[in-house]
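Here is the structure we will look at, set down as structure tokens.
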Amino acid sequence: MNVLAIDTSNLVMGISVLKDGIVTGEIITNLKKNHSIRLMRAVDELMKETGTAPADLDRIAVAQGPGSYTGVRIGVTVAKTLAWTLKKELVGVSSLEVLAQNGKYFDGLVVPLFDARRTQLFTGLYGREDGEFKNLAADRIILRAEWLEVLKTYNRRVLFIGTDLPLHQEAIADAMGDLAVFGTAGDNIPKPSELARLGMEKDPEADVHAFVPSYLQLAEAEVNWLKAQNKQV
Amino acid sequence: MDELILAIETSCDETAAAVIKNGREIVSNVVSSQIESHKRFGGVVPEVASRHHVEQMTLVLEEALAQAGLEPSDLTAVAVTEGPGLVGALLIGVNAAKAFAFAHGLPLVPVHHIAGHIYANRLLTEMEFPLLTLIVSGGHTELVYMKEHGSYEVIGETRDDAAGEAYDKVARTLNMPYPGGPHIDRLAQEGEPVIDLPRSWLEPGSYDFSFSGLKSAVINTVHNATQRGETIKPEDLAASFQASVVEVLVEKTFRAAQEYGVKQVLLAGGVAANKGLRAGLEARFAGSQYELIIPPLSLCTDNAAMIGAAASIEYKKGKRADLALNGVPGLDLEAQ
Ligand SMILES: [Zn+2]
């Protein structure tokens, strides 16, 4: 199976091409640069470099979010358009699940995280169960303090990973003590080759048109509108 | 061989795709409007607009190709609105266009949104140069002079609010729902312009516009009347406001047509649907040497057919974008 994987859901941009199930190429940057300008150029470059024509693809895998709203939409728009117009399968994968793969051989729990402002996190809980590395508690947006209370109840070692760790590491260490383990360097960078593998293993979307980003929260205007509606009732 | 351009437009709250043949013929024209969603908020919310665009984009593209009965391999090029507009909204169209062009090895043509509005007219009548276009919409009020295809000189623009913005704000003062323009226009037909409101001519010879003073005058009129316990007929207020806007727009357009010695005068943009403006222009230009062209409503509001029409000219000029094309919210028309 040939898979093109795209992740622009956060600061890290990742593209990978899998050919006959083998990772043939990967482009990763961790830069404050514009995904809209760079994504298609990088896709073009990697496809050419690996000798892959658009028609050769079987699937497009995309990091579906959570993350930067604009970033997620760029990746999802490109993935949907490619899958639809090339009549290929589309697979959406949680951006947190992609990042969590970096800890899949860790003996304990794995918590990927992205900063969601105002001391909130986009995060989830991953780990091994019945010999399989998988999601153990749903992805969510949650106050950091509240999430750490939840994690403490497991009384297990937890590996925290993500490029936003510097913003939260101190608070996590204070709350979790020796139970907290932190990723370093490359551990914190989601790997598009892992996204491609997950894209190969998971079931494709039934309806490409209906596929939407996983924002994990409503637009602020929607929240305010709903509040106003409730007041009127 | 026929030139067939697939065009995409997502600069504000319409997700649109169209196929245009040889720059002048609409083969298909699909618009998915979000207006019902934004009405709740009293205006377009950028984040909500961007979310809707992602939901609609591929559906609209599929519909445009299906209605045209075309395959990607039949196409000459893909065109997309590069700007101006809401950046998050523009990005959806731009990235979809890039992915589509990449998938099928098609040339990519970037289009200025206002050039699109102007070229909507070419879907009706062949353009004759030099010409003048009055563009009036929620975001723009401009007079653009063109000496030939693809050449744009902005000779006048608004210094504060766009005309459409002024309509929306006045409508809010009169407690009307968003979008206010059509409501004011309808109300104005039933009233008389008996309230004295200012005309903003600015300095002599200027083709620029300003509507914030007029908007404040309307708000003050309502406020003062309320304080004195008087009631103003909303119909009369709407008629008086519209009379001021239309008089300035029409008169400046006419003077510019004279000074620049144009052959045609075109109307473009969403506010071109306004009955008062249409009637005002028709009356002023009747019997003049200038041919006045006013497109039907469906081509005045945002659509992709107009982008395809403008793209045909840019395509022939050799304009191309590479895969680094980005959405540019403040794109300059004169640099096109
Ligand atoms: Zn417009």
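The values are calculated or read from the model by the stated rules, or taken from the named source; none is laboratory data. If you're wondering where the values come from, they're calculated on a predicted model, not measured in any experiment. Every residue, glycine among them, receives a Cβ derived from its backbone with ideal geometry; neighbour counts consider all protein chains shown.
Would you confirm, using the coordinates I've provided, whether B:Ile155 is on the phi < 0 side of the Ramachandran plot, part of a strand (DSSP E or B), crowded, with 19+ Cβ neighbours inside 10 Å and touching a strand residue (DSSP E or B) at 6+ places or on another chain (Cβ under 9 Å)?
On the way: on the phi < 0 side of the Ramachandran plot: yes; part of a strand (DSSP E or B): yes; crowded, with 19+ Cβ neighbours inside 10 Å: no; touching a strand residue (DSSP E or B) at 6+ places or on another chain (Cβ under 9 Å): yes.
No; evaluated as a whole, the condition is false for this residue.
In the set (1) outside any loop (DSSP other than H, G, I, E, B); (2) touching a residue at least 60 places away in the same chain (Cβ under 8 Å); (3) not hydroxyl-bearing (Ser, Thr, Tyr), the condition left unmet by A:Glu149 is number (2). Selection of first residues in the range B:151-169 that are within 26 Å of B:Ala310 (Cβ to Cβ) and of second residues that are basic (Lys, Arg) and part of a loop (DSSP other than H, G, I, E, B), restricted to Cβ pairs under 9 Å at least 6 apart or on distinct chains, gives the following pairs, ordered by first then second residue: B:Glu153/B:Lys147. Contact map, the range B:128-142: residues that are within 14 Å of B:Glu153 (Cβ to Cβ) paired with residues that are among the acidic types (Asp, Glu) and more than 12 Å from the ligand (Cβ to nearest atom), Cβ distance under 7 Å, separation 6+ or inter-chain. Pairs shown: B:Phe129/B:Glu148; B:Glu142/B:Glu157. Do the conditions hold for A:Ala175, that is, is it touching an Asp or Glu at 6+ places or on another chain (Cβ under 9 Å) and within 14 Å of chain B (Cβ to nearest Cβ)? Here the answer is no, as A:Ala175 does not meet what is asked. One residue stands out among those in the range B:104-121 that are more than 16 Å from the ligand (Cβ to nearest atom) and more than 14 Å from chain A (Cβ to nearest Cβ): the one that is nearest to B:Lys263 (Cα to Cα), which is B:Val109. Scanning the range A:14-50 for residues that are within 13 Å of chain B (Cβ to nearest Cβ), buried (at least 21 other Cβ atoms within 10 Å of the Cβ) and in contact with a Pro (Cβ under 9 Å, 6 or more places away or on another chain) gives a single hit, A:Ile15.
Counting only strands (runs of 3 or more DSSP E) wholly contained in the range A:1-67, the ones carrying 1 or more residues that are among the hydrophobic types (A, V, I, L, M, F, W, C), touching a Ser or Thr at 6+ places or on another chain (Cβ under 6 Å) and farther than 22 Å from A:Asp115 by Cβ occupy A:3-7, A:12-19, A:22-30.
Looking across the range A:75-120 at every residue that is touching a strand residue (DSSP E or B) at 6+ places or on another chain (Cβ under 7 Å) and in a loop (DSSP other than H, G, I, E, B), the one that is farthest from A:Arg41 (Cα to Cα) is identified as A:Gly108.
Scoring B:Glu282 on the criteria (1) within 16 Å of the ligand (Cβ to nearest atom); (2) farther than 16 Å from B:Ala97 by Cα leaves a single failure, condition (1).
Given the criteria polar (S, T, N, Q), under 30 Å from A:Thr77 (Cα atoms) and not assigned by TED's automatic domain parsing to the domain that holds A:Arg59, does A:Thr163 qualify?
Values: polar (S, T, N, Q): yes; under 30 Å from A:Thr77 (Cα atoms): yes; not assigned by TED's automatic domain parsing to the domain that holds A:Arg59: yes.
Against the criterion (polar (S, T, N, Q), under 30 Å from A:Thr77 (Cα atoms) and not assigned by TED's automatic domain parsing to the domain that holds A:Arg59), A:Thr163 qualifies.
Consider A:Val93 carefully, then state whether it is within 11 Å of another protein chain (Cβ to nearest Cβ), buried (at least 22 other Cβ atoms within 10 Å of the Cβ) and among the β-branched types (Val, Ile, Thr). Full working, then the answer.
Values: within 11 Å of another protein chain (Cβ to nearest Cβ): no; buried (at least 22 other Cβ atoms within 10 Å of the Cβ): yes; among the β-branched types (Val, Ile, Thr): yes.
Here the answer is no, as A:Val93 does not meet what is asked.
Hey, can you tell me all the residues within the range B:303-329 that are hydroxyl-bearing (Ser, Thr, Tyr) and crowded, with 24+ Cβ neighbours inside 10 Å? Passing the criteria: only B:Ser312.
Does the range B:197-252 hold any residues that are among the aliphatic types (A, V, I, L, M), within 24 Å of the chain's Cα centre (by Cα) and closer than 20 Å to B:Leu174 by Cβ, and which are they? First the steps, then the outcome.
First, pick out the residues of the range B:197-252 that are among the aliphatic types (A, V, I, L, M): B:197, B:202, B:214, B:217-219, B:222, B:225, B:232, B:237-239, B:243, B:245-246, B:248-250.
After this cut, where a residue has to be within 24 Å of the chain's Cα centre (by Cα) as well, the list is B:202, B:214, B:238-239, B:243, B:245-246, B:248-250.
B:Leu214, B:Ala238, B:Ala239, B:Ala243, B:Val245, B:Val246, listed by residue number.
Checking the stated criteria, B:Ala243 turns out not to satisfy the condition of being over 19 Å from B:Glu153 (Cα atoms), touching a Leu at 6+ places or on another chain (Cβ under 8 Å) and within 14 Å of chain A (Cβ to nearest Cβ).
Within the range B:285-309, track down each residue that is among the small types (Gly, Ala, Ser) and away from the ligand (no atom under 15 Å from the Cβ).
Step one: filter the range B:285-309 for residues among the small types (Gly, Ala, Ser), giving B:286-288, B:298, B:304-305, B:308-309.
Of everything in the range B:285-309, those that are among the small types (Gly, Ala, Ser) and away from the ligand (no atom under 15 Å from the Cβ) turn out to be B:Ala286, B:Gly287, B:Ser288.
Taken over the range B:67-87, the criterion of being more than 16 Å from the ligand (Cβ to nearest atom) and either among the polar types (S, T, N, Q) or within 12 Å of chain A (Cβ to nearest Cβ) (or both) is satisfied by B:Gln67, B:Glu71, B:Pro72, B:Ser73, B:Leu75, B:Thr76, B:Val78. Only residues that are surrounded by fewer than 21 Cβ atoms within 10 Å (Cβ to Cβ) and assigned to a loop (DSSP other than H, G, I, E, B): list them for the range B:1-15, please. Passing the criteria: B:Met1, B:Asp2, B:Glu3.
Going by what's in this entry, would B:Gly269 be described as closer than 14 Å to B:Leu134 by Cβ and either within 16 Å of the ligand (Cβ to nearest atom) or at pLDDT below 95 (or both)?
Numbers: closer than 14 Å to B:Leu134 by Cβ: yes; either within 16 Å of the ligand (Cβ to nearest atom) or at pLDDT below 95 (or both): yes.
So B:Gly269 fits the description; yes.
Reported count of residues in the range B:122-147, each being closer than 24 Å to B:Lys21 by Cα and crowded, with 23+ Cβ neighbours inside 10 Å, is 2.
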